[in-house]
Amino acid sequence: MSHIKSRLVGGDSICSGRVEIEHGETWVTVCDSDFDLKAASVICSELNCGAVVSILRGAHFKEGDGPIWNETLQCAGNESQLFYCPRISHWNETCSHANDVSIVCSGATDELRLVDGGSPCAGKVEVKYKDQWGIVCDGAWEMEDAEVVCRQLGCGSAVSVHDQGHFGSSSGPIWLDEVACDGTESSLYKCKHRGWGVHSCDHHEAATVTCSGHITPRLAGGDSVCSGRVEVRYGETWATVCDSNFSLRTASVICNELNCGTAISILRGAQFAEGHGTVWNKTFQCAGNESHLLYCPRTSHVNQTCSPANDVSIICSRHTGFRLVNGSTECSGRVEIQVRGAWRALCDSHWNFSVANVLCNQLDCGFAVSAPEEG
């Protein structure tokens, strides 16, 4: 069996594009007829590009040139390399470059990221090449380049680029330098650059960006890092959040993002004192399973006037100020929480057995046996 290997050409990244196979000394395109998911899976795996997202027929990433592969791949799907897939010759088949097949692998959606900026939409620009993350240098880095990054990540538009060292220094490979986008590209990989691994910069010169979709929550004014007034940073500005239409699902997403467990209580009416500055002018519509507040849909307030007196606060399960009182043992009784130094009874509006179980575990009281809602 002759040596063969594959590559993807003309796509939005190194993990998407027209399938080409090296046969001897020649690269050939592959016909979309009889090309199946199993063969695509082997190619994605061999290229360290994850799993198959889609097979695109009809020269989706433009027609190739040169010879066309004259065999059909008969992969089982578990081969480590395309080399090990059985092949049979085409029978009675006419195929042109208009039938060149392309694939998109899952790695194609995970080869660009922003790090050390506090959310997926702000930070130093990193790209993945040869299955390893590395930085993009800030040589010639401008707002047009940042705009492409923000758009590719689904983070809106670019708000700002930053001076060297704004998000700290980096380590690892330096993959790209002197990136030159015109701002209209769908992917950073379509922009001009000096070539992979070719650079004249160091790890203190990473390209950076803050996108308009950059949303990071924090809890302020509370009795611990897991309780307090909800504030969100949008772009470069911190804003408080109105208690109107603020849901337990949104609170749970915030607690989870802050590594504070799940939401125990929502406190309305600026219970942890009024904030300063702007008030967030949208309503979060979280499903509750989002990993970051950034991914929650948002709608504008309708006929709503909200002031700092309406700032919402939350208490997460990892808040240190919980106790049980008036019970028969130290592990039973009425639940009280500490708010600004004072102990208060916990409202049972969101109380359920799952939340009670979390609290029992935190208080070193095992698991919940019962969680009555009243009394």
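Every read-out reported here was derived from the displayed coordinates using simple, explicitly stated rules and does not represent laboratory data. Since this is a predicted model, take the numbers as computed values, not measurements. Ideal geometry is used to build each Cβ from the backbone, glycine not excepted, and the neighbour counts take in all protein chains shown.
Given q = 0.18 Å⁻¹, what are the Debye log10 I(q)/I(0) values for segment 4-108, with equal point scatterers placed on the Cα positions and solvent ignored?
Per q value, in the given order, log10 I(q)/I(0) is -0.76.
Anyone know which of Ser212, Ser171, Ser354 comes out most mobile in the 10 Å Cα GNM of the chain?
Ser354
Residues with amide H under 5 Å of Ile264's amide H, sequence separation 5 or more or different chain, H placed in the peptide plane at 1.01 Å from N; which?
Excluding prolines and chain starts, which carry no amide H, the hits are Ile315, Cys316, Ser317.
What FRET efficiency do you get for Thr94 and Glu22 if R0 is 22 Å and r is their Cβ-Cβ distance, rounded to the nearest 0.05? Please list the in-between numbers first.
Numbers: r = 24 Å, r/R0 = 1.08.
E(calc), rounded to 0.05, equals 0.40.
For Gly10, which sequence-distant residues (separation of 5 or more, or a different chain) have an amide H within less than 5 Å of its own amide H, given hydrogens modelled in the peptide plane?
Amide H to amide H, under 5 Å and 5 or more residues apart or across chains, Gly10 pairs with Arg18.
Which distance in nm do the two modelled labels at Ala180 and Arg218 give, with both placed 7 Å along the Cα-to-Cβ direction?
In this crude spin-label approximation the distance works out to 4.0 nm.
Report the paramagnetic label zone for Ser169: residues of segment 202-228 whose backbone N is under 16 Å from a point 7 Å from Cα along the Cα-to-Cβ axis.
Answer for this model: 202-207.
Given the pairs Lys62/Lys128; Lys5/Lys190; Lys5/Lys192; Lys128/Lys190; Lys5/Lys38; Lys128/Lys192, which span a C-alpha to C-alpha distance of over 20 angstrom in this model?
Lys62/Lys128; Lys5/Lys190; Lys5/Lys192
Just to be sure I follow the definition: excluding the sites themselves, where is the longest run in the chain that has none of the GluC sites (Glu not before Pro) in a DSSP loop with at most 13 other Cβ atoms within 10 Å?
Here the longest segment lacking exposed loop sites spans 94-235.
What is the calculated FRET efficiency for Ser33 to Ser300, with r their C-beta to C-beta distance and R₀ = 45 Å, to the nearest 0.05?
Result of the calculation: an efficiency of 0.35.
When the helix-only estimate is applied to the chain (DSSP H runs of n ≥ 4, each -39,500 (n - 2.57), divided by the residue count), what is the mean residue ellipticity at 222 nm, nearest 500 deg cm²/dmol?
About -3000 deg cm²/dmol.
How far is it, in nm, from the label point at Arg57 to the one at Asn352 when both lie 7 Å from their Cα along the line to the Cβ?
Output for this residue pair reads 4.6 nm.
Show which lysines lie in cross-link reach of Lys282 when reach means a straight Cα distance below 29 angstrom and same-chain residues fewer than eight apart are skipped.
Lys124
Mean 1/r over all different Cα pairs, inverted: what Kirkwood radius does segment 111-211 give, in Å?
Its Kirkwood hydrodynamic radius stands at 12.9 Å.
So how much slack lies between Phe83 and Ala309, counting 0.36 nm per residue of separation and subtracting their Cα-Cα distance, in nm? Write down the numbers at each step before the final one.
Values: separation 226, 0.36 × 226 = 81.36 nm, distance 6.76 nm.
Result for the pair: 74.6 nm of gain on full extension.
Between Gly66, Gly139, Gly261, find the one with the highest GNM mean-square fluctuation for the chain; connect C-alpha pairs within less than 10 Å.
Gly66
What is the ratio of the Cα radius of gyration of segment 214-375 to 2.2 N^0.38 Å, with N the residue count, to two decimals?
On the way: Rg = 15.9 Å, N = 162, 2.2 N^0.38 = 15.2 Å.
For segment 214-375, the normalised Cα radius of gyration is 1.04.
Pairs of Cα atoms under 8 Å, at least six residues apart: use those to get the relative contact order of segment 214-375, whole percent.
In percent, rounded to a whole number, it is 24.
Over 10 Å intervals from 0, what percent of Cα-Cα pairs in the chain sits in each interval?
Cα pair-distance distribution for the chain, in percent: 5, 19, 20, 19, 17, 12, 6, 2, 0.
Kindly provide the trypsin sites (Lys or Arg not before Pro) of segment 99-196 that DSSP labels as loop, not H, G, I, E or B, and whose Cβ sees at most 12 other Cβ atoms within 10 Å.
Filter output for segment 99-196: Lys130.
What per residue convex hull volume, in Å³, do the alpha-carbon atoms of segment 209-292 yield?
99
Would you mind getting me the FRET efficiency between Ser332 and His276? Use the beta-carbon distance for r and R0 = 35 Å, nearest 0.05.
0.25
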